[in-house]
1. Does the range 342-357 include one or more residues that are over 16 Å from GLN274 (Cβ atoms), out of contact with any strand residue (DSSP E or B) (no Cβ under 6 Å at 6 or more places or on another chain) and of a type in the set (A, V, I, L, M, F, W, C)?
2. Residue check: is ALA371 in contact (Cβ under 8 Å) with a residue 40 or more places away in the chain, small (Gly, Ala, Ser) and either under 30 Å from LYS122 (Cβ atoms) or in contact with a strand residue (DSSP E or B) (Cβ under 8 Å, 6 or more places away or on another chain) (or both)?
3. Among the residues of the range 354-380, write down those that are in a helix (DSSP H, G or I) and under 18 Å from the mean Cα position of the chain (by Cα).
4. For the structure I just gave you, tell me whether ALA289 is without any contact (Cβ under 8 Å) to a residue 24 or more places away in the chain and either touching a strand residue (DSSP E or B) at 6+ places or on another chain (Cβ under 8 Å) or part of a helix (DSSP H, G or I) (or both).
5. Consider the range 256-286. How many of its residues are in contact (Cβ under 8 Å) with a residue 24 or more places away in the chain and assigned to a helix (DSSP H, G or I)?
6. Condition test on ALA397, is it in the same structural domain as SER78 (by TED's automatic domain parsing), modelled with pLDDT of 95 or more and surrounded by 13 or more Cβ atoms within 10 Å (Cβ to Cβ)?
7. Taking the range 292-307 only, how many residues are part of a loop (DSSP other than H, G, I, E, B) and either in contact (Cβ under 8 Å) with a residue 24 or more places away in the chain or within 26 Å of the chain's Cα centre (by Cα) (or both)?
Amino acid sequence: MRTHVWSVTEGDSPDSVEPLASIAQAGPAVSRFFPLKRLSGAVVRQAGAAIRKVGVVAGRSAIGLDIGTSGVRAAELSFGKSQVTLEKFGQVALPEGAVRDGEVVDPAAVGEAIKQLWTHTKFSGKKVVIGVANQKVIVRQVDLPWLPDSEMRSALGFQVQDLVPMPVEHAVLDFFTLEEFTNDNGGRMRRGMLVAASRDMVMNAVHAVQKAGLTAVSVDLSSFAVLRSLATQDALGMGAGVEALVDVGARVTNIVVHQGGAPRFIRILLMGGQDLTDAVSERMGVAGAQAEAMKQEIGLRTDVADGAVIASRVIEAAAVTFVDEVRGSLDYYEASTGSSRISRVVLTGGGARLTGLADRLQTATRAPVVAGNPMKSLALGRTGLSPEQIEFVQPLAVVPVGLALGAA
């Protein structure tokens with residue numbers, strides 16, 4: 001099944017978005033939504049590491065732009081015949097409130113930050129892939145009656161209108177087939193991932209990019225970007241163990257369960273590192289910057305000084321809530337699918353830096369927890385970053401690197 005392709009031109013209202021037949025026909029502002037490469041047939045191998053190798057045109061480059069709650073980050077990749085190179089990476093902090101829980105609420109402020117990012121980092125182009133992940137994005141596995149690809153696209157809104165908590169005429173929809181099967185009545189079915197996103201929310205992100213003088217050539221799901229950056233590819237997505245990817249942002253955490261690069265379960269958790277900082281700030285009566293410093297210094301250690309005991313308990317309580325949410329998501333996946341146990345958890349994102357978090361997750365999930373590195377398969381170009389800076393930004397680069405990989 002092909003990905004939906006959508007066109008939005010400068011100044012258009014959200015209702016003017018029209019599906020098109022091919023990317024070549026698409027307008028200048030947004031070419032496509034949720035681009036996820038796939039194979040036809042029963043098994044998807046599209047979203048994970050396979051994208052690093054399949055369909056890459058040598059000499060091309062792409063820029064992934066991650067609009068997070070606390071900052072904007074971008075990565076520029078170039079694609080050679082045998083390797084992918086990280087050419088540039090940069091980030092700029094956002095004013096508080098410009099993005100709320102992953103959703104752009106002040107396009108002008110976000111656009112100004114993006115403009116500063118481009119000025120400082122000197123990316124080579126102005127075409128970008130952006131990601132979305134917030135409470136106005138729904139991802140769930142559903143079974144739908146089989147239709148040919150061409151008919152599935154036009155019928156999708158009718159088929160899923162009772163499955164999404166928003167009017168389908170106000171949503172951007174897509175469906176990614178994971179497998180085809182025959183039901184008990186002999187009917188041919190498709191099982192796959194349904195993605196629904198508020199059109200207004202998507203357009204706010206697009207408008208922020210436009211205000212920076214850039215063009216959003218596609219809008220992707222941030223969870224898919226995490227998968228591309230971190231997944232270990234298996235030829236058909238079946239022989240590898242089941243792995244959970246947990247990317248912890250400031251307010252949004254992407255949880256992706258996959259097998260060999262094929263997505264099996266996705267949850268966008270509206271909780272992240274900033275929630276722990278807020279808990280310290282409110283309980284201790286200190287400003288946000290001081291609360292963040294206390295959180296990073298104390299972490300989830302058990303050997304804290306007497307003067308830090310109260311703050312430690314606050315961090316502990318907030319972290320327990322977060323870990324329970326992640327564990328609950330993974331338990332739900334295992335219970336609902338009856339699949340083999342999750343073999344390991346890959347932890348990344350700025351919130352993953354909290355001392356002791358990996359150990360807590362390992363205890364809670366009963367699976368080994370390792371740090372994710374989106375750069376392990378990338379060559380390094382003239383990024384202007386020192387080895388120490390590269391190491392520091394690794395957990396922050398997962399989404400922008402994955403977005404750029406999706407443009408290959």
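1. no
2. Working: in contact (Cβ under 8 Å) with a residue 40 or more places away in the chain: no; small (Gly, Ala, Ser): yes; either under 30 Å from LYS122 (Cβ atoms) or in contact with a strand residue (DSSP E or B) (Cβ under 8 Å, 6 or more places away or on another chain) (or both): yes.
In short, no.
3. Step one: filter the range 354-380 for residues in a helix (DSSP H, G or I), giving 357-365.
Within the range 354-380, no residue meets the criteria.
4. Details: without any contact (Cβ under 8 Å) to a residue 24 or more places away in the chain: yes; either touching a strand residue (DSSP E or B) at 6+ places or on another chain (Cβ under 8 Å) or part of a helix (DSSP H, G or I) (or both): yes.
Judged against the criteria, ALA289 is a match.
5. Keep residues of the range 256-286 that are in contact (Cβ under 8 Å) with a residue 24 or more places away in the chain, which gives 256-276, 279-280, 283-284.
Now drop any that are not assigned to a helix (DSSP H, G or I), which leaves 273-276, 279-280, 283-284.
Residues in the range 256-286 being in contact (Cβ under 8 Å) with a residue 24 or more places away in the chain and assigned to a helix (DSSP H, G or I): 8 in total.
6. Numbers: in the same structural domain as SER78 (by TED's automatic domain parsing): yes; modelled with pLDDT of 95 or more: yes; surrounded by 13 or more Cβ atoms within 10 Å (Cβ to Cβ): yes.
Spelling it out, ALA397 is indeed in the same structural domain as SER78 (by TED's automatic domain parsing), modelled with pLDDT of 95 or more and surrounded by 13 or more Cβ atoms within 10 Å (Cβ to Cβ).
7. If we filter the range 292-307 for residues that are part of a loop (DSSP other than H, G, I, E, B), which is where we start, we get 299-305.
Keeping just the survivors that are either in contact (Cβ under 8 Å) with a residue 24 or more places away in the chain or within 26 Å of the chain's Cα centre (by Cα) (or both) gives 299-301.
Of the residues in that region, 3 qualify.
The values are calculated or read from the model by the stated rules, or taken from the named source; none is laboratory data. Predicted, not measured: the structure shown is a model, and the values here were computed from it. Positions of Cβ are backbone-derived with ideal geometry, glycine not excepted, and every protein chain shown enters the neighbour counts.
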